[in-house]
Amino acid sequence: QTHLVESGGGLVQPGGSLRLSCATPFSDWEFYGRAWYRQAPGQQRELVATLSDRDDAKYVASVEGRFTISRDVDRLTVYLQMENVKPEDTAVYYCNLHPERLRVPWGPGTQVTVAS
């Protein structure tokens, strides 16, 4: 069973914007934190942003000031708003529960490609 489903990826030009979504059907998970990860071709999966159960957000340095992680009012959908994207942001983006000890099987991810 798919626990988390990512969507919203696509092709975007450098400097553009994109909003990714991470949805779950499990209502109990509204109380859990969430995290966004990404994996570029040939690279290991890396943590991009986290949102705690108290909605405290943290970001990796490379996206600080450009990406924003947030939660919908139903607290089941989490977003990653990407601004001023760069070619190095190209990757498959995944979401999961946070902290790491709560992780569930990975979803399919959503591809983000930043190119002219």
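The values are calculated or read from the model by the stated rules, or taken from the named source; none is laboratory data. Remember, predicted model here, so these are calculated numbers, not experimental data. Note that we place each Cβ from the backbone using ideal geometry, even for glycine, and neighbour counts take in every protein chain shown. In case anyone asks, the SASA skips ligands and DNA or RNA and just uses the protein heavy atoms, side chains included. Shrake-Rupley method; radii C 1.70, N 1.55, O 1.52, S 1.80 Å.
Worth pointing out:
- Taking a sphere under 15 Å around the Cβ of L11 and counting the other residues whose Cβ falls inside, with K and R at +1 and D and E at -1, yields a net charge of +1.
- Q39 versus N84: modelled label distance in nm, points set 7 Å from Cα along the beta carbon direction: 3.0 nm
- Net charge contributed by nearby residues that have their C-beta within less than 14 Å of V73 (K/R +1, D/E -1): -2
- Solvent exposure of the chain as accessible area per residue, Å², 1.4 Å probe: 53 Å²
- Rolling a 1.4 angstrom probe over the chain with all protein chains present gives an accessible area of which 48% lies on carbon and sulfur atoms.
- Remark: C-alpha extents of the chain on the principal axes read 41, 27, 21 Å, sorted largest to smallest.
- Rough spin-label spacing in nm, given labels placed 7 Å along Cα→Cβ, for Q13 and D28: 4.8 nm
- Computed extension length for W106-D72: 10.2 nm, one decimal, from 0.36 nm per residue of separation with the Cα-Cα distance subtracted.
- Global form of region 28-95, assessed from the alpha-carbon gyration tensor, a/c cut-off 1.5: prolate
- Ranking by accessible area, most exposed first, for F31, F26, F67 with a 1.4 Å probe: F31, F26, F67
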